[in-house]
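First comes the structure, then the notes that go with it.
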Amino acid sequence: FIFILLIALPLVAGAQKSKKPSLKDAYIEMSPKLLVSKYEATNNDYKEFLNDSRKTGSADEWQSLKPDSTLWIKSFKYSFNEPWVELYNNHAAFGNYPVVNITQQAMAKYCAWKTEKYNASPDRTYKKVVFRLPTATEWMSFSSAFIGKRLPWSGNDPYVVTSKDQIV
């Protein structure tokens, strides 16, 4: 099975519930061997990864995995985002919010860590899985709102088509 971890899915508003969803509740089956995450990787999930990485990797590698909180200011020059620099990735109130301001390389390492962690668990649902980011084509497919496309979040269908082929 391949599990695709979606990051910062634009149409999901707010954070996921504080209770961790079960595997079946957290993923949508897009094909028989491809499941897509309903939720983004959270700050809490990523902190767990950082803590494990700090124990096993070098200090330089660990530093490269940390979110770059200064992007709150660099990317939005005319906004008052200074509080986000200190709070967003660190404060417990934002623990279930999507992790942001990390590199694609850091996210790839997170996916490899999540794959290893899942496959080592004796309580796993599937024999072997791979967590990864979606390809550009997969991303466009998963996030499109075209008629007949299943979306990986709640509601699953962006439109309802009547028996007269009218979109409502």
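The values are calculated or read from the model by the stated rules, or taken from the named source; none is laboratory data. Computed from a predicted structure; not experimentally measured. Here the Cβ positions follow ideal geometry from the backbone for every residue, glycine too, while neighbour counts run over all protein chains shown. Side chains are part of the model used for accessible areas, which takes the heavy atoms of the whole protein and leaves out ligands, DNA and RNA. Shrake-Rupley method; radii C 1.70, N 1.55, O 1.52, S 1.80 Å.
Please verify whether segment 149-167 includes one or more residues that are open to solvent by 40 Å² or more (accessible area, probe 1.4 Å), modelled with pLDDT under 75, touching a Pro at 6+ places or on another chain (Cβ under 9 Å) and on the phi < 0 side of the Ramachandran plot. Yes, that holds for at least one residue. Given Tyr126, Tyr78, Tyr97, which one is hydroxyl-bearing (Ser, Thr, Tyr), under 25 Å from Phe142 (Cβ atoms), modelled with pLDDT under 90 and open to solvent by 60 Å² or more (accessible area, probe 1.4 Å)? Just a single option satisfies the conditions, and that option is Tyr97. Any residue that is open to solvent by 60 Å² or more (accessible area, probe 1.4 Å) and in a strand (DSSP E or B) - is there at least one of those in segment 29-43? Yes, because at least one residue in segment 29-43 is open to solvent by 60 Å² or more (accessible area, probe 1.4 Å) and in a strand (DSSP E or B). Looking at Asp52, is it modelled with pLDDT of 55 or more, of a type outside the set (S, T, N, Q) and open to solvent by 80 Å² or more (accessible area, probe 1.4 Å)? No; evaluated as a whole, the condition is false for this residue. Among the residues of segment 103-114, not one is surrounded by 18 or more Cβ atoms within 10 Å (Cβ to Cβ) and either among the β-branched types (Val, Ile, Thr) or on the phi > 0 side of the Ramachandran plot (or both). Contact annotation: residue pairs with Cβ atoms under 6 Å, 6 or more positions apart or on different chains, pairing a residue in segment 38-66 that is within 15 Å of Asn96 (Cβ to Cβ) with a partner that is among the polar types (S, T, N, Q), are Tyr39/Gln16; Thr42/Asn96; Asn43/Asn89. Checking each residue in segment 64-75 for being surrounded by 14 or more Cβ atoms within 10 Å (Cβ to Cβ) and farther than 23 Å from Arg132 by Cα picks out Ser69, Leu71, Trp72, Ile73.
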